[in-house]
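Just so you know, all these numbers are worked out from the coordinates, no wet-lab data involved. Since the structure is predicted, the reported quantities are computational estimates derived from the model, not experimental observations. Ideal geometry is used to build each Cβ from the backbone, glycine not excepted, and the neighbour counts take in all protein chains shown.
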Amino acid sequence: MPRKSILPRSGLGRNFVLFAILSSLLALVTSGLTAYNDTAFQGLHTFSMAVMLVAYVGVIFSRVSERQRKKIKVLLKPTEQSTSSGGLVYQIVPSHFSSFVFVEPPTTPGKTPGAEQFSDQEYPWMEKIKFSRRDRIVAAVVRNAYVDYDIVEQLLGFPNLVVIDFQGCTVDHEIWSELADLDQLQYLAVFGAINAETEKELRYSLPEVKVINEPVRLIHSSPDTL
């Protein structure tokens, strides 16, 4: 499946990209007008070119700013609790309920959960999350899903993700390298979603990310307040 083009993850970066697109269209139109009547439209064409230059400088600046961001100080802290099946329970410190995003496709009678590819139309609410809220989300829990480029594209919209939980999902082998675009990512819970060979490849391709290949449950560390 071909990878989709992905806008910058920050709100400012997206705005600069959209500004650059619009300014490029304006410059194209004014170029045509200038060719038609050089005297009448030369000033407008010069102005549109200056605007386009500012827009592209802004795109470059936003890209550089994203790459230079400091790592978020979020830790996975083991607790004395355990799940009913004996799995470990980790607190994400610091975090609260609004620090999590939960992704689970609706189940279809007679079909195995996670066997089918993700559909953007199943999660229209994700596109509506405000950028200010996106920046506060540090953990993504994905369940019963076929994880491909579509889901990764959605996750790239949360620039401060530190933890991703893919436990029990069917994961497209090609998407693991795409997670490198999440420069804050530090932990991947992959129990039941990865084989031994892929795990070795993952530890090599994402050396700064801790791979957790045992059953775990992730909880927040603060009261359930938004």
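Which peptide among 194-200, 144-150 comes first, and what is the full order, when sorted by highest mean count of other Cβ atoms within 10 Å?
Descending packing order for the listed peptides: 144-150, 194-200.
Check which residues have an amide H placed less than 5 Å from residue 165's amide H, if you skip close sequence neighbours.
Here 140, 141, 142, 189 satisfy the definition.
At 0.36 nm per residue, and after removing the present C-alpha to C-alpha distance, how many nm does the segment from residue 72 to residue 22 gain when stretched out fully?
14.6 nm
I want the antiparallel fraction of DSSP beta bridges within region 75-220, as a percent rounded to 5.
That works out to approximately 20 percent antiparallel.
Which whole-Hz couplings ³J(HN,Hα) result when phi for each residue of region 129-138 is put into the Karplus expression 6.51 cos²θ - 1.76 cosθ + 1.60, θ = phi - 60°, listed in order with x for Gly and Pro?
5, 5, 4, 5, 6, 4, 5, 8, 7, 10
Let me make sure I get this right: for region 75-220, a, b and c are the square roots of the gyration tensor eigenvalues over alpha carbons, sorted descending. Under 1.5 in a/c it's rounded, otherwise prolate if a/b > b/c, else oblate. Which is it?
Judged from the Cα gyration tensor, region 75-220 comes out rounded (a/c under 1.5).
Order of 37-45, 178-186 by packing, highest average Cβ count within 10 Å first?
178-186, 37-45
Please compare each pair in 77/130; 73/130; 71/130; 71/200 to a cut-off of 27 Å on the Cα-Cα distance and tell me which ones are over it.
77/130
Can you pull the one-decimal nm distance between simple spin-label points at residue 221 and residue 135, each 7 Å off the Cα toward Cβ?
For residue 221 paired with residue 135, the spin-label model returns 2.2 nm.
What ranking of 218, 26 emerges when the number of other C-beta atoms within 10 Å of each C-beta is taken as an exposure proxy, fewest first?
The most exposed by this proxy come first: 26, 218.
Kindly put 36, 187 in sequence by how many other C-beta atoms sit within 10 Å of each C-beta, fewest to most.
Listing 36, 187 from fewest to most nearby Cβ atoms yields 36, 187.
Residue separation times 0.36 nm, minus the C-alpha to C-alpha distance between residue 31 and residue 46: what's the value?
4.5 nm
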